[in-house]
Every structure is written in C-alpha cells, then in structure tokens.
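Here's the structure we're looking at; comments come further down.
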Amino acid sequence: MDARRRAWKGRVRGRGLGTIGWCSAAALTAVALLAALGPVLVVTDPNAVDLSGAFADPSSGHLLGQDASGRDLFSRLMTGARTSVVGSLLVVAISTTAGTALALAAVWIGGWFDTVVARTIDAVFAFPGLLLAILATAIFGAGLQGAIVALSISYTPYIARIARSAALRERSLPYVEALRVQGLRGTAISLRHILPNIAGLIWANATLAFGFALIDIASLSFIGLGVQAPTADWGAMVGSGMAGIMQQQPQEALWASLLIVITVAAANSLGDELIKRSEARA
C-alpha cells in the first residue's frame, strides 16, 4: 500500500507544475488581476499633477508617495499595469496565432512552400525585434500601436520555428498516415490532431515570449518611443523616475522596475516549467 501511495504521489508531482511553477502562475494571475481591475479600483486620478506634493512620502492619501510632478505613484502603477500587460499579451497573441498557422501550413504542404517559409523565418529571426520596433516608430510615429505591430512581426518567427519543428515530428507519426488513409483532409488533421498534440509546447513558449515582450515594450517606453506621457506605463515610469534617482528619490523607478522584474521572472519560470512538462509528456 505504501509503495502504491508513493507511486501515485510521484505521478501527481510529475504532472504538476511544482512549487516554482505554481508560485509563478499565482504571481502572473495577480498581475493579470491588477491589469484588469487596477484602473477601476484607483480612487486618485493617476495623471493629476500636484507640484506642492513632489516626492512626498507615503501617506494615507498616497500609499506609495508621489512622483516629481506630485502624481500618486500607487494609482499610476495600478493603471500602468494595463498598458504594460495588455500590450505584451497582444504581441504574444498575434505572433502565436500567425506563427502557428504558418508552421502548420508549411509542414502539411511541404515542398517548396516549406522551404520558403523556413528561409523566411531564418531571415526575420536574425533581425532584432527591438530594432524593428524602433524603425516602426520612425515610420508610424511613437506609440504603443506601432510597437505592438513591429514586435508581433519579430516574434512570429520565434513561435513558427518551434511550432514547425514540433509539427514535423508529429506529422511523421503513424497515426497521421492512418488518418489520411481514412480520407481526412489535411486541414482537419492539422487542426483536430496535430495542433492539440503540440499545443502544450506552443503555450509554454508563448509564456516565455510574454516576458520578453514586456521587457521590449517597457524598453521602448523607457526611451520615449512606446507609451506616451501622461499615460501611465511601467517602462515610462522607470524612465521618468531616473531624474528622481539623481535626487535620491528612487521610489518611482524602484516600484515600476520591481513590478517588471517580478512579472518577467514569473513568466520565465512558468514557461520553463511548462516546457519541462511538455517534454516529459512527449
């Protein structure tokens, strides 16, 4: 009985995310709730300027103090979560959808089409995403929309390469040929059978991509090419908080940087755990 119980516990642990994975998932859930509910729950206008309260210490009215313009830091952090998280999610959603569709089409059609897709993926993959985003802002102007489009184009080859490799391995399995013999079309086999079997790996790498996208969007906002003032954004808050650091008032940059680090670390940890889990199932 003890041996059977130990074996059962071992299988449960093998299927689970582990302590690090669950903690990372909990942290990302908290960030998601912050992005969804933060702007609704704030009672202080995040853009209200009060120069008399510049760099004021935390108080009952301002839980984390005020920035150089007297704006409430807590409200700006809560509101900035939405732009930071939603922008990153859009990049991941667009690139994952496009990359997966491109990979499945290339693997099933094969031949010259697969070769062209593979070479195109390699060419775009070699181009730094952040540089592409900077070029996009030079063409379309600074703002979150241009950054999302440019980063989505840059991240698509990353997802497509992983999905293509997994789909090629899956397509070579005997059950695919059996389905073809039964008369199923390639589209049905790809969507109903191949895609569900590689979805775990795609989700895992999409989670990793979310962390990278958050860093890239924050970097663009930091240098003034992403979210524009006075809109609250974590990357922009780090940039505007640099002046406070020189005046020994690091709270704005510190709190925004801390939230970025926690979110990216959680995404990377959860992505690693999901990849291990998908590899264990393979």
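Read-outs: derived from the displayed coordinates by stated rules, not from any lab. The structure displayed is predicted, hence computed values, not measured ones. Neighbour counts run over all protein chains shown; Cβ positions are idealised from the backbone, glycine included.
As I understand it, the value is the acute angle between the Cα axis of helix 73-109 and the longest principal axis of the Cα atoms of the chain; what does it come to in degrees, rounded to 10?
20 degrees
Give, rounded to the nearest 20 debye, the magnitude of the charge dipole that the range 69-281 has about its Cα centre when Lys and Arg contribute +1 at Cβ and Asp and Glu contribute -1 at Cβ.
Taking the Cα centre of the range 69-281 as origin, the dipole is about 580 debye.
Of Gly65, Val85, Ser269, which is farthest on the positive side of the dipole of the chain, counting Cα position, with +1 on Lys and Arg Cβ, -1 on Asp and Glu Cβ, and the Cα centre as origin?
Value: Ser269.
Please report the equivalent ellipsoid semi-axes of the chain, computed as sqrt(5 x eigenvalue) of the Cα gyration tensor, largest first, in whole Å.
Square roots of five times the eigenvalues give 42, 25, 13 Å.
For Leu104, Leu179, Leu41, which order do you get if you count the other beta carbons within 10 Å of each Cβ and list the fewest first?
Final ranking by Cβ density, sparse to dense: Leu41, Leu179, Leu104.
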